[in-house]
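See below for the structure under consideration.
The values are calculated or read from the model by the stated rules, or taken from the named source; none is laboratory data. Being a predicted model, the structure only gives us computed values, none of them experimental. Cβ atoms come from the backbone with ideal geometry, glycine included; neighbour counts cover every protein chain shown. Note: areas computed on protein heavy atoms with side chains; ligands, DNA, RNA excluded. Shrake-Rupley method; radii C 1.70, N 1.55, O 1.52, S 1.80 Å.
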Amino acid sequence: MEMQNNGLCVRKMNMYKPHEQYQGHLKSICYERPELSQMSENMPPHTFLAVELYGNNSHAQFKKLCEEEHDKSFRIRFGGNIYYSNNSSNSNVESQFVFQDNRVKLFLCSSALFKNSTLCIIKPHALREGNMGKIISQIQANGFIVSALKMFHFARSNCEEFLDVYKGVVPEYESMVMQMISGDCVGLEIVNKYDDGISTYQSFRNFCGPVCPSFWIFSRK
């Protein structure tokens, strides 16, 4: 919400897990491109979330959010857990590298577990209303872990295939499709935090409630 209040929007977002052997690949690439050296030095050894922001003077706005000296600044709240580029030029280079360079796949992979997990999709209208952070906080507060995350956009044909199980079954099918393709979505892999023996799908479905086009999130096994 702080970012949205400061005119910043999320363009791309992905959760990554560094491969055990990634350091060598990254260092060799950064040797060729020194502008990536700061990012490589701050690359965490564990799962992390990469975000590309856009907006008017976005780099300066986000830097201000991080460095302001008050109790709500990102630096005070999260310490050294947030990295950002040292200038706007580098931010473009780093973003292109993380989100578009095919070599990233050599050392950064999906953090998905694919074990006793379920899918949650935060719908476009929830993102437009600035509710993504609130939704994820509620999910975590109710005993679930977000083990993987990615922002994406549904093509209509893909969305119809994804929701095919509801076609001819629920009268809201067309509304569900139109809602899903109206903008960016965020897909989350959800797992139980405390008990791996309990079905994540069932417990998360109980938390979400019935399927409804106006709801902020959509879940399925």
**Message:** Looking at the structure I just gave you, is Phe154 free of Cβ contacts under 8 Å to residues at least 40 places away in the same chain and in contact with a Phe, Trp or Tyr (Cβ under 8 Å, 6 or more places away or on another chain)?
**Reply:** yes
**Request:** Have a look at His25, His46 and point out the one that is in a helix (DSSP H, G or I), open to solvent by 30 Å² or more (accessible area, probe 1.4 Å) and more than 20 Å from Gly133 (Cβ to Cβ).
**Result:** His25
**Prompt:** So, of the residues in the stretch 92-121 that are small (Gly, Ala, Ser) and part of a loop (DSSP other than H, G, I, E, B), which turns out to be surrounded by the fewest Cβ atoms within 10 Å (Cβ to Cβ)?
**Reply:** Ala112
**Item:** Residue check, Lys167 touching a Cys at 6+ places or on another chain (Cβ under 8 Å) and either open to solvent by 80 Å² or more (accessible area, probe 1.4 Å) or of a type in the set (D, E, K, R) (or both)
**Value:** no
**Prompt:** Since Tyr31 meets every condition but one in (1) of a type in the set (Phe, Trp, Tyr); (2) surrounded by 18 or more Cβ atoms within 10 Å (Cβ to Cβ); (3) more than 28 Å from Phe144 (Cα to Cα); (4) at pLDDT below 85, which condition does it not meet?
**Reply:** (2)
